[in-house]
Each structure stands twice: as C-alpha cells, then as structure tokens.
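Input: a single structure, listed below in structure tokens.
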Amino acid sequence: MNMAEPIDKPNAILRGVLRPNEPMGKHVSWRTGGVAAQAYAPAGLADLAAFLATLPAQEPVCFVGLGSNLLVRDGGFRGTVVLMHDPGGAMRAEGDLVYADAGTASPKVARFAAMQGLDGSEFLAGVPGTVGGALAMNAGCYGSETWDVVAKVLTVSRAGKLTERAPGEFEIGYRHVALRGAQLGRDEWFVAAWFRFRPGDQKAARRRIKELLARRLATQPLELPNAGSVFRNPPGDHAARLIEAAGLKGREIGGARISEKHANFIVNPKGRARAADIEALIALARDTVAQRFGVTLVPEVRIIGEAV
C-alpha cells in the first residue's frame, strides 16, 4: 500500500481487501481479543479515502497500525477496523524534511533519517508502532516525543477529504493529541507526516539507535506478546516503580501476567490470555496503586469493543 499515490480516481472501484468477522488477535501485539465486524486493508490513499466515504455516518471506525497500544475486548468490535500497517510504506527525503506514510513502522523512520545523516530521530527506534499510532498518542521515550519533530501532517476525514495540517492545529500533550474543535479518531485520522530533524552525523545517529535498542531489550520483555507501557507515568514518578512497590510484579490473572522484567508491561507469555484477563490486571494495578499510594494511574493503552 503506497499511501503517497496521487488521488486521481476518487470514484474508482475499491481495490483493498474487506474481511468480515476479522479476529483482532492477528492484528494487536498482545495477540488476543475479539473479532471486528469488518476489517479493511486499503490498497492506497485514494482507495482509503473512497472506502471511508462509503461508511455510514455513525459507523464506529478504528484505525490500527501494528496494534501495539490496543486491546480489543473478547466480545469484539461492532464496527470497521482499518488496517494501516504497510511494510512497504513510502518514506523519502523532501528538502530538509522526511516524509513517511502513517502505516510505516516508527523504527524504520529512525533508521531512514539516520542514513540521511540527520539527528533527532533516534528515539523513534524505541516506539513499537507505526507513524500513525505515534502521531495519535504523541508516543515517546528517552526524553523525546513524536510531536517534537513533526513539521506537518496529512489527515483523511470520514468523508474521504485529505487535509494538510500544522502542529498548531492540534492540542498536544503527554500521550495526548486532539484536533482543535473536533474529536480526532472519530472524524479525522492521520495518513502521513513530515518530520523535521537536525543535520548530524550518520554514524553517530546509527550508533545511538543501536544503543537505545539494546537498552530496550535489556529492560523490557520484548520476547513476549505485550503492548508496551500500559500506564502513563504520573508527574514526577514512574508507573513501573509504583506497580512494583505495590508488590504486583509477576501477578497473574488467567493467561496474563504483570512482567517481572518491567512492572509497567503486561505480557501474554503462552498466548492463552483473554482480553478480559489483561483488562483485569490493568484494573488490579490501577486500584492497588491508588489504594497504597493515592496515585491514579492513567492507561496509555486504548481499550475498545464489547465485554463477553
């Protein structure tokens, strides 16, 4: 899927793949969850715009990249899922900017920018999702956030209209992004971004990426199905520290477990966890930390769908 293709056939017959009753465990990094009423994998940007325009106005829609920040309840999602991950997504240098389709994995953008001799992209190597997901939640790590380096974005509306937008058109915060005057995710979705990085040294940037990836491997349970950090860090503290101090490391419910390696990760070690098991552990961690320390942890992960 090349999201950068020109939109020259707005009335063309849809070319993507539409699948009814799609198991979402195939598309989320926890490898569990219910089915979506239907899932569409677009063949390109024109195809995506045309498809969205066919949907009923009240149809629930969820865009999914690598599913690294998503839990679909066991009862499934009664709406349309748009599958955006594209291993061959377009990336290119445009003057002093780097363009990337929303379906491109964030670590690929980091490596591409480094190869161009640019600084400031390295943190994206530690973001385990796509550009679209990183934009939607202002993903970040190691002291940097996605919107720190965004020059402009391209969005698509439910009506299939494409719009270039500047960062100033959004309310941007810690793990929060919203289009001013609207509700992003319901009316408009990211399909591409242009990033601005600093001129730098290619070898140094590649070395920093390797160092960050080695640090992730050493401190996070990346060998097991997980969704990254479950909770946002509260001001002045770390969710992992609080969960560990509450004695919850290694706690299991059903097939899900709070990681012994990193307490802000919930893992599905044998692939048998239900979405309900994971959600129960999220609730346990939140409630226990609130009771013990008076701190309300806010989930980073998005939970959609119906309980069984």
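Answer rounded, prolate or oblate for region 76-208, using the Cα gyration tensor with square roots of eigenvalues a ≥ b ≥ c: rounded when a/c is under 1.5, else prolate when a/b is larger than b/c, else oblate.
On the way: a/c = 1.79, a/b = 1.67, b/c = 1.07.
Taking the square roots of the gyration eigenvalues as a ≥ b ≥ c, region 76-208 is prolate.
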Global geometry of the chain, whether rounded, prolate or oblate, following the gyration tensor of its Cα atoms and the 1.5 cut on a/c: oblate
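Rounded to the nearest whole Å³, what is the per residue volume of the convex hull around the Cα atoms of region 50-148?
Numbers: hull volume 12.2 nm³, N = 99.
Once divided by residue count, the hull of region 50-148 is 124 Å³.
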Span from the region 90-105 Cα centroid across to the region 240-286 one, whole angstrom: 36 Å
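So what's the convex hull volume per residue for the Cα atoms of region 182-308, in Å³?
Convex hull volume per residue, Cα atoms: 183 Å³.
Using only helices, what value at 222 nm comes out for the chain when you add -39,500 (n - 2.57) per DSSP H run of length 4 or more and divide by the total residues, to the nearest 500 deg cm²/dmol?
Numbers: 6 runs with 71 residues, N = 308.
Calculated from helices alone, the mean residue ellipticity at 222 nm is -7000 deg cm²/dmol.
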Packing rank of 119-129, 143-153, where each peptide gets the mean count of other beta carbons within 10 Å, highest leading: 119-129, 143-153
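Ignoring ligands, DNA and RNA, how do 141, 62 rank by accessible area with a 1.4 Å probe, largest first?
Details: 141 25, 62 0 Å².
Of 141, 62, the descending order of accessible area is 141, 62.
Quick one: net charge of residue 249's neighbours, Cβ under 12 Å, K/R +1, D/E -1? Before the final figure, lay out the partial values.
Numbers: positive: 241, 251, 257, 261; negative: 244, 252, 260.
That sum, taken over residues with Cβ under 12 Å, equals +1.
I'd like to compare 289-296, 72-79: which one has the highest average count of other Cβ atoms within 10 Å, and what's the full order after that? Mind showing how you got there, number by number?
Values: 289-296: 13.5, 72-79: 19.8.
For the peptides 289-296, 72-79, the packing ranking is 72-79, 289-296.
Over the residues of region 269-308, compute the C-alpha Rg and express it relative to 2.2 N^0.38 Å. List each step's numbers first, then the result.
On the way: Rg = 12.0 Å, N = 40, 2.2 N^0.38 = 8.9 Å.
Cα Rg divided by the expected 2.2 N^0.38 Å: 1.34.
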Cα gyration tensor shape of region 156-218, rounded if a/c is under 1.5, else prolate or oblate by comparing a/b with b/c: prolate
Spatially near lysine pairs across the chain, Cα under 29 Å, sequence gap of 8 or more or different chains: 22
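The values are calculated or read from the model by the stated rules, or taken from the named source; none is laboratory data. For clarity, every value in this text was computed on a predicted model and none was experimentally measured. Counting neighbours? That spans all protein chains shown, and the Cβs are built from the backbone with ideal geometry, glycine included. These area figures cover heavy atoms from the full protein model, side chains too; ligands, DNA and RNA do not enter into them. Shrake-Rupley method; radii C 1.70, N 1.55, O 1.52, S 1.80 Å.
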